[in-house]
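Asks: Pasting a structure below so you can have a look.
The values are calculated or read from the model by the stated rules, or taken from the named source; none is laboratory data. Model, not experiment: these values are computed from the prediction. Here the Cβ is made from the backbone with ideal geometry for all residues, glycine too, and neighbour counts use every protein chain on show. Ligands, DNA and RNA are stripped out before the accessible areas are found, and what is left, the full protein with its side chains, is counted by its heavy atoms. Shrake-Rupley method; radii C 1.70, N 1.55, O 1.52, S 1.80 Å.
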Amino acid sequence: MDVFLLQLFNGISVSSILLLIALGLAITFGLMNVINMAHGEMIMIGAYAAFVTQNVFLAWLPESMFDWYFVLAIPFSFLVSFLFGLLLESSLIRFLYGRPLDSLLATWGVGLALQQVARSIFGAPNVAVTSPGWLNGGWTVMEGVVLPYKRLFIIALVAFVLLLMYVYIYRTPEGRRMRAVMQNRDMAACLGISTRRVDAITFAIGSGIAGVAGCALTLIGPIGPS
């Protein structure tokens with residue numbers, strides 16, 4: 001029973017990260033009918049953004065502040081992946097709307113290119129991100145069952161991101177525009193909604209969410225270009 005409970009908890013923590021990844025994919029495919037094969041590279045970008053944040057804290061800030069680097073790494077991973085997604089959408093994806101097979105092939109090539117860029121900058125071997133001290137240890141539920149704080153934090157982070165996305169989609173003007181374009185693009189454009197802007201922001205948000213997932217993955221194990 002102890003082993004079963006631990007495996008169940010570990011499965012939930014990992015599947016919560018996959019839920020974030022799937023959310024980003026679902027948003028872009030549902031809105032633009034684009035299959036983004038470079039979505040995994042957005043996860044990679046988010047993970048390396050956390051690695052860079054860690055190294056900046058180690059090199060430039062007092063050791064006493066190191067435990068707080070991960071708090072900054074999460075929004076930084078989102079921002080970097082968001083900007084990469086915005087660049088990818090404006091330079092390539094915008095020309096492939098409604099052409100899923102073309103977008104699949106083009107973004108697959110972009111993904112290979114991004115992997116090679118990561119190898120050139122960070123090297124081919126995997127790199128490790130050290131967890132902050134406040135995530136070490138675990139919560140003892142019962143004898144033989146200890147839930148690591150890292151995985152509890154991942155689940156809480158995913159729940160928080162899902163809540164933010166719910167509020168954004170259903171409680172903000174930008175979210176209403178996104179839903180309008182998803183439901184009827186032509187009518188939304190006739191009513192004055194800039195579908196071009198909605199597409200760009202939505203694709204970037206999907207990429208940013210993948211970056212947060214990559215940041216969360218660094219708590220589970222080492223990261224690499226592939």
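Asks: Check whether at least one residue in the range 72-80 is over 29 Å from Ala180 (Cβ atoms) and surrounded by fewer than 16 Cβ atoms within 10 Å (Cβ to Cβ), and report yes or no.
Replies: Yes: one or more hits.
Asks: Could you tell me which numbered condition Val141 fails, if it satisfies all but one of (1) of a type in the set (Val, Ile, Thr); (2) assigned to a strand (DSSP E or B); (3) open to solvent by less than 30 Å² (accessible area, probe 1.4 Å)?
Replies: (3)
Asks: Another question, then. Given the criteria among the hydrophobic types (A, V, I, L, M, F, W, C), out of contact with any Cys (no Cβ under 8 Å at 6 or more places or on another chain) and closer than 30 Å to Pro148 by Cβ, does Ile93 qualify?
Replies: no
Asks: Given the structure, is Leu96 in contact (Cβ under 8 Å) with a residue 40 or more places away in the chain, within 23 Å of Leu217 (Cα to Cα), surrounded by 13 or more Cβ atoms within 10 Å (Cβ to Cβ) and not small (Gly, Ala, Ser)?
Replies: No, not satisfied.
Asks: Here is a follow-up. Looking at the range 196-211 only, could you name the residues that are open to solvent by 10 Å² or more (accessible area, probe 1.4 Å) and in contact (Cβ under 8 Å) with a residue 24 or more places away in the chain?
Replies: The answer is Arg196, Ala200, Ile201, Ile205.
Asks: A further question on this structure: Does Leu101 count as modelled with pLDDT under 95, open to solvent by 50 Å² or more (accessible area, probe 1.4 Å), farther than 27 Å from Pro125 by Cα and over 19 Å from the mean Cα position of the chain (by Cα)?
Replies: Yes, satisfied.
Asks: Which pairs have Cβ atoms under 9 Å, sit 6 or more apart or on different chains, and link a residue in the range 27-44 that is of a type in the set (Ser, Thr, Tyr) to one that is crowded, with 24+ Cβ neighbours inside 10 Å and in a loop (DSSP other than H, G, I, E, B)?
Replies: Thr28/Val34; Thr28/Asn36
Asks: Next up: Take the residues in the range 1-17 that are surrounded by fewer than 20 Cβ atoms within 10 Å (Cβ to Cβ) and in contact (Cβ under 8 Å) with a residue 60 or more places away in the chain, then tell me which one is nearest to Ser103 (Cα to Cα).
Replies: Val14
Asks: Another question, if that's okay. Look at the range 24-53 and say how many of its residues are within 19 Å of Arg177 (Cα to Cα) and either surrounded by fewer than 20 Cβ atoms within 10 Å (Cβ to Cβ) or of a type in the set (Val, Ile, Thr) (or both).
Replies: Total meeting the criteria: 8.
Asks: Moving to a separate point now. For the list (1) closer than 19 Å to Ile223 by Cα; (2) in contact with a helix residue (DSSP H, G or I) (Cβ under 9 Å, 6 or more places away or on another chain), I need the number of the one condition that Ile155 fails.
Replies: Tallying (1) closer than 19 Å to Ile223 by Cα; (2) in contact with a helix residue (DSSP H, G or I) (Cβ under 9 Å, 6 or more places away or on another chain), Ile155 fails exactly one: (1).
Asks: Hey, Thr130 hits all of (1) more than 18 Å from Gly46 (Cα to Cα); (2) open to solvent by 60 Å² or more (accessible area, probe 1.4 Å); (3) hydroxyl-bearing (Ser, Thr, Tyr) but one; which does it fall short on?
Replies: That leaves (1) as the condition not met.
Asks: With respect to Val56, determine if the residue is exposed (fewer than 15 other Cβ atoms within 10 Å of the Cβ), farther than 19 Å from Ala200 by Cα and hydrophobic (A, V, I, L, M, F, W, C).
Replies: When the stated conditions are applied, Val56 passes them.
Asks: A follow-up question, please. Do we find that Leu114 is open to solvent by 80 Å² or more (accessible area, probe 1.4 Å), part of a helix (DSSP H, G or I), aliphatic (A, V, I, L, M) and at pLDDT 90 or above in this structure?
Replies: It is false that Leu114 is open to solvent by 80 Å² or more (accessible area, probe 1.4 Å), part of a helix (DSSP H, G or I), aliphatic (A, V, I, L, M) and at pLDDT 90 or above.
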